[in-house]
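S.K.: Submitted below is the structure of interest, expressed as structure tokens.
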Amino acid sequence: MSAGQAEGWRDAVARLKPHFHAATRVVVRGIQMVASAPDTPAVSVIVPACNQAAWLAQALSSLQHQKLDAWECVVVDDASTDHAFDVARLFAEADPRFRIVAHRDRRGAAAAANTGVHAARADLVVVLEAKDLLFPDTLAAHVDATAQSLRGGTYCGSRPFRSVGVPKLPSSPARRPSAMGVAPETPAAPSVCSATAMPRNTVLDLGGFNENITHAWAEDLWARMLRRGHRFTYLPTVGVANRRLPGPAEEHLVYATQIAALARDAQKGPGAVGRFLTERLLQTLASALADGHNDAADGIAALVRPHLDGRGSAWLDRAVAHAVRATGVRRPALSAALAEDVRAHLDRPGDLSVDDPTSTVSQQPHTKDRPATEEIRLVPRALRIMHAGERPPPHDAVLLVPQARYHVEELGPLALELDRRGVPTAFMTTAVEGRIGEALRKQVHTELLKYTDTLWEWDPHLPTTSRLLAVVVMNDWGPSRELVEMAKQVGVTTFAKSEGVQDFRDRDTGRERRPYRLVDVVLGQGPNDVAALPGADVRVVGSTRLETAWRGEDSTREPVVAVNLNFTYNVLTEHANDWLTSVVRACENAGLDYVVCPHPAQYKEHVDPALCEGRLATEPIRHLLLRAGVLVTRFSTVVYEAMARGVPSIYHNPHGEKVWDDDPRGRPPTVTRTTATLVNALRSALDVEKPFSRDGLFDQISVDPDSTPDQRAADAVVASPPS
């Protein structure tokens, strides 16, 4: 790594540090920079990651501390909506042993694990859950045991912990491995996915992990391996720190129900299979009780009882003790009480109180059809920057021009859809000078890595020197205006994909932009865009970003106020400090916790840093909305992201903005103009019992159950010339 690359990487770490809690921040600061990767890794570690950014840095850091150097890690980002991808990128930039594979759409943990196994280069694979950590000797122990020609997989002991920090690394005893199942106290098969190493070819020969199973996909594969005669070897060493995160009752029930379905099938096979699955059922029962879910425990106990016949009291005592240890409950008195509670539930008479377990495990082939190659892509380490004079874009390509990260969230999926139809695409981003421009450019580059490995250097004259089918921008003013004008001069059709709410009549911008009047076609989000642009050729396609948020998880509605600070691009920036002062006073007067989330282009000099001290967001606004209870903002399209997540918005306008007063389309129903009225509005909005309406969302975005926004946008781009 060159000095310049190292400095750039340190800048990236500095930018991301606020996104992690304290323990993870320490890990990120300690990422090791490694010059090269092994030509032939001894083991491939697969890390499926979906919205686990808080733990991912610790998991990946534990790999860098392995005594074995000859490993590779394939991080599979399963369409995360948090900053897990950014965490993985930091490690991949610093250490070439890390590779990233991205799913376009969320496909589940089993599918992510299968993707990683297919991408792995080593003969031995370990699937490390993003919440867990490996101790320094773990990979070496797996590789050494495999070198001794021990048949099948290997697995080691685990140390459960219930902590958000990094656990102390234990000293691992060096003891000779013993064959699985020989000693009666040895578990019949692995109990922790992260503790297990398996031959890659064996996993592939068995069809991989069952993607039809949501929870017990690892146990299903282990059971199939045992039925085929593969033997696991137990390595009597603590190799994994297994983070125990409390889960809802439904999670425990679904897990147990799927295990029970596997156990019923196991009655037809070797006894070790049924014993191993019964042990897993007992662990699920102990976990439910440890998390305080007594009602769920009743149902799980009913699932366990049919599989205890003939096991014997000595075996049951050992199995219950092992199940209790697996919960992470360490104090002897609490462990004894938990074991007694497990036995009491098992002894309690009762009928099966959950659905038939076979209904939750599909009997279809274990792996769904592999998606087309564009659905899963290996993320490159960096974008290749191309110069049109040296290598022009492909003939008849659609040129896509994002200027911000959320632009890529709209144009990236459109590029994939066009590629799927055989229409070539090329990306180019505008040149914005200064500190803000550099920060935005880095964000755009990081997001683009999910969709392409090539970016053309900014050249507004590109349409005159290359043969393009179309140009698609996100706005047709500012830096991209010249590009649009050049394209129109040579007859290239120009499109603008609507950003969201917009000051269409430039009431507050202080300059004449005439947004979306220059391009040939506007790819509108919904009815609001049509109404705001009379006479324009507006083709309603929806919004990939907003529809994804709407179809995704709702906010957990914690009593936290998300403050969207976005006085940018010299629009009303003189009011930024007074606006933030009013919001902060309202939150404090209401006794509410608040987090200030500045727009990436928000100049620090426009606000008093003391107002944000200790309150700056540790995540982008779109991630903060997954937990916020209410949003306070000025004029912004973020109100629709909040609406999509089920978060009420307050439009705070003490400075007299005109845009939503003149045209209230898209304006939140709650408008405040003083600190006192904002106090009352905050208290009312945080009442989670009040009904919340998303009706306004569908005035802004059009949703079609039969097609996606990127499909509709692609239809428009490849259709006949504009009217």
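The values are calculated or read from the model by the stated rules, or taken from the named source; none is laboratory data. Quick caveat, the model's predicted, so the values are computed rather than measured. Cβ placement follows ideal geometry from the backbone for every residue including glycine, while neighbour counts extend to all protein chains displayed.
S.K.: May I ask you to verify whether Arg200 is over 26 Å from Ala321 (Cα atoms) and modelled with pLDDT under 85?
M.R.: So Arg200 fails the test.
S.K.: Which count do you get for residues in region 636-672 that are aromatic (Phe, Trp, Tyr) and modelled with pLDDT under 90?
M.R.: The total comes to 1.
S.K.: Filter region 560-579 down to the residues that are modelled with pLDDT under 85 and part of a helix (DSSP H, G or I) and list them by number.
M.R.: Thr573
S.K.: Related question: Test Pro394 against the criterion of being free of Cβ contacts under 8 Å to residues at least 40 places away in the same chain and touching a Pro at 6+ places or on another chain (Cβ under 9 Å), and give yes or no.
M.R.: Criteria met by Pro394.
S.K.: OK, next. Given the condition loosely packed, with under 15 Cβ neighbours inside 10 Å and among the basic types (Lys, Arg), answer yes or no: does some residue in region 623-634 qualify?
M.R.: no
S.K.: Which residue out of Asp419, Asp459 is over 22 Å from His83 (Cβ atoms) and in a loop (DSSP other than H, G, I, E, B)?
M.R.: Answer to the check: Asp459.
S.K.: If Asp662 passes every condition in (1) touching a Lys or Arg at 6+ places or on another chain (Cβ under 7 Å); (2) surrounded by 19 or more Cβ atoms within 10 Å (Cβ to Cβ); (3) in the same structural domain as Tyr594 (by TED's automatic domain parsing); (4) over 15 Å from Thr548 (Cβ atoms) but one, which one does it miss?
M.R.: Asp662 satisfies every listed condition except (2).
S.K.: Moving on to the next point. Out of all the residues in region 271-283, is one or more over 23 Å from Glu219 (Cα atoms), not aromatic (Phe, Trp, Tyr) and not assigned by TED's automatic domain parsing to the domain that holds Gly229?
M.R.: The answer is no; no qualifying residue exists.
S.K.: Which numbered condition in (1) buried (at least 18 other Cβ atoms within 10 Å of the Cβ); (2) in contact with a helix residue (DSSP H, G or I) (Cβ under 6 Å, 6 or more places away or on another chain) is the only one that Leu686 fails?
M.R.: Of the numbered conditions (1) buried (at least 18 other Cβ atoms within 10 Å of the Cβ); (2) in contact with a helix residue (DSSP H, G or I) (Cβ under 6 Å, 6 or more places away or on another chain), the odd one out for Leu686 is (2).
S.K.: Filter region 41-58 down to residues that are in contact (Cβ under 8 Å) with a residue 60 or more places away in the chain, among the hydrophobic types (A, V, I, L, M, F, W, C) and closer than 11 Å to Ala84 by Cα and give me whichever is surrounded by the most Cβ atoms within 10 Å (Cβ to Cβ).
M.R.: The extreme case among them is Leu56.
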